[in-house]
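The values are calculated or read from the model by the stated rules, or taken from the named source; none is laboratory data. Bear in mind that the values here come from a model prediction, so they are computed numbers and not experimental data. Don't worry about glycine lacking a Cβ; one is built from the backbone with ideal geometry, like all the others, and counts go over all protein chains shown. Quick note on the areas: whole protein, heavy atoms, side chains included, nothing else; ligands and nucleic acids left out. Shrake-Rupley method; radii C 1.70, N 1.55, O 1.52, S 1.80 Å.
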Amino acid sequence: MVPSPVPLLLTQALQSVEVTRSDEGPSAFQLSFYADRSGPFSTDYPLVSSPLLKPFNRVLLTVTFNGTPRVLMDGFITHQQLMPGDATRGSTFVVTGEDVSVLMDLYDLPLEYPSMSDAMIVLFILAKYSVIGFYPVIVPPVTTFLRLPFEGTWQQSGTDRANLTKLAANHAYVFYVEPGPASLTNKAYWGPPVRTGSPQKTLTVNMGPATNINSISFNYDGLAATGVFGFVQDPETNIDLPILLQASTRVPLLASQPVLPTQLPYVRQSLFTSALECSKGYNRAASYIDALSSAQAIVDQSTDKVVTVEGELDAVRYGDLLSAPGIVGLRGAGMSYDGNYYVKSVTHSISKEKYIQKFTLTREGLGSTVNEVQP
């Protein structure tokens with residue numbers, strides 16, 4: 001559970017490091033080593049037999065950039081791969097792992113949570129993992145309310161991590177674990193995508209010497225957005241109540257021309273036909289508030305990836321580390337695609353020769369909501 005300092009054998013053999021941080025699913029890491037049997041009489045590869053690289057040993061990866069140490073990954077080894085070499089190339093030993101939330105994904109736990117709101121359930125689950133350095137950051141949904149036992153109970157079937165993800169999806173929320181800022185501490189975030197705060201160092205494209213990215217592409221999906229309409233019968237009154245949702249509730253807006261409602265009427269429309277769609281996990285019929293929340297989650301999630309930006313940068317040229325999730329400004333791509341974006345994922349590829357970051361940015365439409373972005 002507590003990492004040990006890496007011995008000289010491992011540091012000399014380390015070939016490359018790859019870390020993927022995302023707001024969707026667990027973050028992952030991969031360490032590649034040169035492997036050698038160290039002599040004709042050796043019966044095994046020292047790295048393969050090393051107790052430090054066995055599955056479910058804890059790994060802490062920290063990068064010092066611009067004089068500031070940053071925790072890239074706090075996780076556990078889950079997989080090993082040995083690729084023996086030949087006369088032309090050496091052997092390679094690769095260990096792969098996930099962030100510390102992998103411990104939440106080992107046991108299926110059939111549990112019930114009576115008289116608890118979704119936010120309370122999340123807090124109860126996360127409290128069990130404080131021993132591995134979790135500190136929870138939970139944003140209660142607007143529609144949250146206490147449920148009495150006779151109104152229904154959340155039925156957990158599956159692992160704790162799977163249930164946190166399922167609860168988040170019901171509200172168009174995200175659940176992820178972010179390491180740091182101190183070693184062996186991890187923020188467990190459950191809430192809407194964070195679109196506030198100070199933007200990171202600006203990404204610059206097509207501006208001569210000021211350009212700080214290697215490559216970039218912009219994609220607009222005109223079929224991504226979905227509106228929701230229909231009727232839901234309130235189980236308390238037996239009255240059919242209307243649902244008509246045609247705009248995202250994500251705030252603040254990152255695009256001045258969000259696909260909803262500016263693209264109407266040329267937007268997919270989903271018929272919300274069953275109250276069961278918004279009561280998955282509960283042993284009761286859905287209320288009208290639950291139905292509205294579930295329908296709004298469909299709309300919000302559909303607009304999140306209308307505009308997707310994929311690119312690659314050299315961290316040294318960029319002069320900083322791009323972090324996910326977060327907000328970053330972009331300039332040099334024209335009025336349609338300039339502005340602030342949500343950083344959905346970043347993959348760090350580190351070797352002795354270079355430090356490359358591949359990133360994915362998203363937002364809900366075209367046009368910038370800011371007049372200028374800071375360098």
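Close Cβ contacts (under 8 Å, 6 or more residues apart or on different chains) running from residues in the range 45-71 that are in contact (Cβ under 8 Å) with a residue 60 or more places away in the chain and over 14 Å from PHE29 (Cα atoms) to residues that are surrounded by 12 or more Cβ atoms within 10 Å (Cβ to Cβ) and of a type in the set (Asp, Glu) comprise PHE65/ASP320; ASN66/ASP320. Within the set GLN357, GLN374, the sole residue that is farther than 20 Å from THR249 by Cβ, outside any strand (DSSP E or B) and polar (S, T, N, Q) turns out to be GLN374. Annotation: SER215 fulfils all but one of (1) among the small types (Gly, Ala, Ser); (2) closer than 18 Å to VAL63 by Cβ; (3) in contact with a Gly (Cβ under 7 Å, 6 or more places away or on another chain); the unmet one is (2).
What single numbered condition from (1) modelled with pLDDT under 95; (2) within 23 Å of the chain's Cα centre (by Cα); (3) not in a loop (DSSP other than H, G, I, E, B); (4) not polar (S, T, N, Q) fails to hold for GLU312? Just one mismatch for GLU312, condition (1). Of the strands (runs of 3 or more DSSP E) lying entirely inside the range 37-134, those carrying at least 1 residues that are at pLDDT 90 or above and either touching a Phe, Trp or Tyr at 6+ places or on another chain (Cβ under 8 Å) or open to solvent by 30 Å² or more (accessible area, probe 1.4 Å) (or both) are 58-65, 68-83, 91-99.
For the range 216-225, state whether one or more residues are modelled with pLDDT of 85 or more and charged (D, E, K, R). Within the range 216-225, one or more residues are modelled with pLDDT of 85 or more and charged (D, E, K, R). Out of LEU203, LEU253, LEU184, one residue alone is within 22 Å of the chain's Cα centre (by Cα), under 20 Å from ALA333 (Cβ atoms), aliphatic (A, V, I, L, M) and modelled with pLDDT under 95. It is LEU253.
Filtered by the rule that a residue be in a strand (DSSP E or B), open to solvent by 30 Å² or more (accessible area, probe 1.4 Å) and aliphatic (A, V, I, L, M), the range 217-244 gives LEU241, LEU244. If only residues of the range 135-176 that are modelled with pLDDT of 85 or more and of a type in the set (Ser, Thr, Tyr) are counted, the one that is nearest to ASP290 (Cα to Cα) is TYR173. Looking only at the range 319-340, residues that are buried (at least 20 other Cβ atoms within 10 Å of the Cβ), hydroxyl-bearing (Ser, Thr, Tyr) and within 28 Å of LYS187 (Cα to Cα) come to 0 in all. Identify the residue in the range 6-36 that is open to solvent by 60 Å² or more (accessible area, probe 1.4 Å) and more than 29 Å from ARG161 (Cα to Cα) and, among all such residues, is farthest from the chain's Cα centre (by Cα). Per the criteria, the residue is ASP36. In this structure, does VAL299 turn out to be farther than 30 Å from VAL63 by Cα, among the β-branched types (Val, Ile, Thr) and either touching a residue at least 12 places away in the same chain (Cβ under 8 Å) or touching a Gly at 6+ places or on another chain (Cβ under 7 Å) (or both)? Considered against the rule, which asks whether it is farther than 30 Å from VAL63 by Cα, among the β-branched types (Val, Ile, Thr) and either touching a residue at least 12 places away in the same chain (Cβ under 8 Å) or touching a Gly at 6+ places or on another chain (Cβ under 7 Å) (or both), VAL299 comes out as yes. Against the conditions (1) over 25 Å from TYR176 (Cα atoms); (2) touching a Lys or Arg at 6+ places or on another chain (Cβ under 6 Å), VAL63 satisfies every one except (1).
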